[in-house]
Amino acid sequence: MTVRLRAPMPLFAAGALLYAAAAAVWMTMVPDGALNAVELLIPLFGVPFLLLGRCPRWRTGLYLLLLVPAFHFAAVTAAMHSLDGMGRNGLLPPGAVGGLTGATLSFLALVILRLASWRSAGTMAVGIAVLTLLGYVGIDKMDFLQGTRWSGYDVLLALYLPWQIAFGFFLSRLLRVPPKVEPAACPNPNGAP
């Protein structure tokens, strides 16, 4: 019998660590152009929750395995396009644009898929603000690892890992947890109550 964990935040934190570890291994094995391939590992973020969490419904799987990676790609693309041709910022710095894009799309999809309620709009707004700030700080502070043995993992350690852990925190607050289903009472084969 499989024991199903109920607390989503530790599962999302485990997913963030699983992703970071797999991405670090990949980047070590394939150092040239590895960052583009690491983007394909984003679905690992949701795997612990889907395997051990309380709501392994098809919509949750669709969200974590397909939509979150798609929104991550959209966020990275938006961040890159926020720079003008001379490498200068537009209205917002690239990290903030990426964080804002990823968080907004992810939280809207929760509501559209009925995995969260509009009544959680306040939590979503705070989440969008925090994740936008983490995107900005993550990109801005990536160079603090320069000159260390961790410099090749700067995007993972300064941006992706903190962002995913914070995202997991907000997901754990927003996701609707299905009510505990009691097993149906088995009828007595003798007909007695």
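What number, in percent, do you get for the relative contact order of segment 62-146 if the mean sequence gap of Cα pairs under 8 Å and at least 6 apart is divided by its residue count? Walk me through the intermediate numbers first.
Numbers: 86 pairs, mean separation 26.7, N = 85.
Here the relative contact order equals 31 percent.
Quick one: which of 93-101, 67-75, 116-124 comes out on top by average Cβ neighbours within 10 Å, and what's the full order, highest first?
Ranking the peptides 93-101, 67-75, 116-124 by packing returns 93-101, 67-75, 116-124.
Counting only protein chain heavy atoms and rolling a 1.4 Å probe, the accessible areas of 114, 57 rank, largest first, as 114, 57.
With both labels modelled 7 Å from their Cα along Cα-to-Cβ, the residue 66 to residue 40 distance reads 1.9 nm.
The values are calculated or read from the model by the stated rules, or taken from the named source; none is laboratory data. Computed from a predicted structure; not experimentally measured. Backbone-built Cβ (ideal geometry, glycine too); neighbour counts: all protein chains shown. Accessible surface areas use protein heavy atoms only, side chains included; no ligands, DNA or RNA. Shrake-Rupley method; radii C 1.70, N 1.55, O 1.52, S 1.80 Å.
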